[in-house]
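Asks: So that we are looking at the same thing, I have put the structure below in structure tokens.
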Ligand code: UTP
């Protein structure tokens with residue numbers, strides 16, 4: 001079955017980015033001139049996922065408005081003949097079918113994904129975290145979709161991180177498996193959420209892209225709150241990894257070697273803005289020239 005649904009959780013509290021996220025979801029913070037969430041929806045659509053469900057929280061309105069038409073603004077730009085800006089305004093409206101469902105309380109990523117059960121039904125689906133950007137020049141999601149179709153299980157994205165940083169992530173124990181397209185495709189044998197460095201089974205961190213078997217919903221319904229009192233997606237995936245294929249089990253990983261930015265983290269957010277801006281044809285040349293001069297002043 002071809003996967004065509006994407007679920008994008010965007011209901012977290014975003015406490016690392018306060019006070020900017022007091023009344024604005026972190027997924028709406030601009031990365032150059034587009035909110036982070038638009039890059040994520042564009043990535044889903046580019047991979048063929050034309051049915052997108054956003055899981056929203058308290059500040060749902062700005063997110064919903066961004067994917068809706070704005071007749072007054074569009075009419076004003078049209079009257080001025082500013083077709084370039086008009087096209088930019090319309091880009092987010094024309095991306096595909098974007099739906100919304102509310103997560104009443106931020107009870108964790110697993111709980112957020114569970115809100116998609118009714119919309120998704122009994123098909124495999126992708127989950128893209130709304131604050132996690134994969135550089136559009138690097139390939140990840142379509143490799144994961146292909147691996148899910150080949151194995152029939154669930155697939156997660158992994159990133160090698162310095163061992164001292166693994167305690168900030170979910171961590172995977174892995175092994176090779178027959179049928180892997182390359183050594184960066186692995187089978188997951190165990191998963192642990194934010195382990196202390198000396199107890200981590202590897203330096204492979206789980207990042208915000210998943211392709212999940214629908215069996216995950218039943219597992220999530222039976223997953224007790226874990227770390228931080230939240231229902232953790234990692235705990236549900238650990239259960240799935242131990243289930244037989246006949247029950248929707250089996251979890252595989254794709255090690256990603258490209259550029260990824262966690263825009264919910266202030267330092268990573270700044271790096272994302274700079275790295276994306278330097279390569280933009282409209283801003284890049286001027287920004288690079290300025291950045292070169294500016295970095296000189298730092299070494300003085
Ligand atoms: P994070 O752990 O990065 O989100 O969740 P957070 O809790 O908002 O972050 P901080 O630590 O307080 O800054 C990863 C993703 O899961 C979503 C977030 O919006 C983000 O996209 N999420 C998290 C939910 O949708 N619901 C939740 O209950 C928790």
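FYI, it's all coordinate maths here, none of it is from the lab. In this text the structure is predicted, and so the values were computed from the model without any measurement. Backbone-built Cβ (ideal geometry, glycine too); neighbour counts: all protein chains shown.
Asks: Would you mind classifying region 1-42 by shape? Square roots of the alpha carbon gyration tensor eigenvalues, ordered a ≥ b ≥ c; an a/c under 1.5 is rounded, otherwise it is prolate if a/b is larger than b/c and oblate if not.
Replies: Oblate, since a/c reaches 1.5 and b/c is not below a/b.
Asks: Mind telling me which of 251, 216, 70 comes out most flexible in a GNM of the chain, alpha-carbon contacts under 10 Å?
Replies: Highest fluctuation among the options: 70.
Asks: Further question: So how do 8, 188 line up by other beta-carbon neighbours within 10 Å, fewest first?
Replies: Result, fewest neighbours first: 188, 8.
Asks: Here is a further query. Would you list 46, 5, 26 from fewest to most Cβ contacts within 10 Å?
Replies: 46, 5, 26
Asks: Right, another one. Two decimals, Cα atoms only, Kirkwood Rh: what is Rg/Rh over region 143-223?
Replies: 0.98
Asks: Is the shape of region 1-94 best called rounded, prolate or oblate, per the rule: a/c under 1.5 gives rounded, else a/b larger than b/c gives prolate, else oblate, with a ≥ b ≥ c the square roots of the Cα gyration tensor eigenvalues?
Replies: Oblate shape, in that a/c is at least 1.5 and b/c is the bigger or equal ratio.
Asks: Angle check, please: helix 266-278 long axis (alpha carbons) against the longest principal axis of the chain (alpha carbons), in degrees 0 to 90, nearest 10.
Replies: Helix 266-278 sits at roughly 60 degrees to that axis.
Asks: Test of understanding: in a Gaussian network model of the chain with alpha carbons linked when under 10 Å, which of 244, 285, 201 would top the mean-square fluctuation ranking?
Replies: It is 285.
Asks: Given the peptides 289-296, 179-186, arrange them by the average over their residues of other C-beta atoms within 10 Å, most packed first.
Replies: 179-186, 289-296
Asks: Report, to the nearest 10°, how far helix 284-299 tilts away from the longest principal axis of the Cα atoms in the chain, using its own Cα long axis and a range of 0 to 90°.
Replies: The answer is roughly 80 degrees.
Asks: Kindly put 299, 23 in sequence by how many other C-beta atoms sit within 10 Å of each C-beta, fewest to most.
Replies: Fewest-to-most ranking of 299, 23: 299, 23.
Asks: Something else about it: In Å and whole numbers, how far do the C-alpha atoms of region 114-270 stretch along each principal axis, longest first?
Replies: Here the spans come out as 41, 37, 31 Å, largest first.
Asks: Let me ask you something else. Given only helices, namely DSSP H runs of n ≥ 4 each adding -39500 (n - 2.57), what is the per-residue ellipticity at 222 nm of the chain, to the nearest 500 deg cm²/dmol?
Replies: Helix-only estimate at 222 nm: -10000 deg cm²/dmol.
Asks: Based on C-alpha coordinates, I'd like the Rg and Dmax of the chain, in Å.
Replies: 19.9, 64
Asks: Taking the alpha carbon gyration tensor of region 82-165, what are the square roots of 5 times its eigenvalues, largest first, to the nearest whole Å?
Replies: 26, 21, 17
Asks: Over the C-alpha atoms of region 224-300, what are the Rg and the largest Cα-to-Cα span, Dmax, in Å?
Replies: Here Rg and the maximum Cα pair distance are 21.1, 64 Å.
Asks: Helix 36-46: angle to the longest alpha-carbon principal axis of the chain, degrees 0 to 90, nearest 10?
Replies: Helix 36-46 and the main axis of the chain meet at about 70 degrees.
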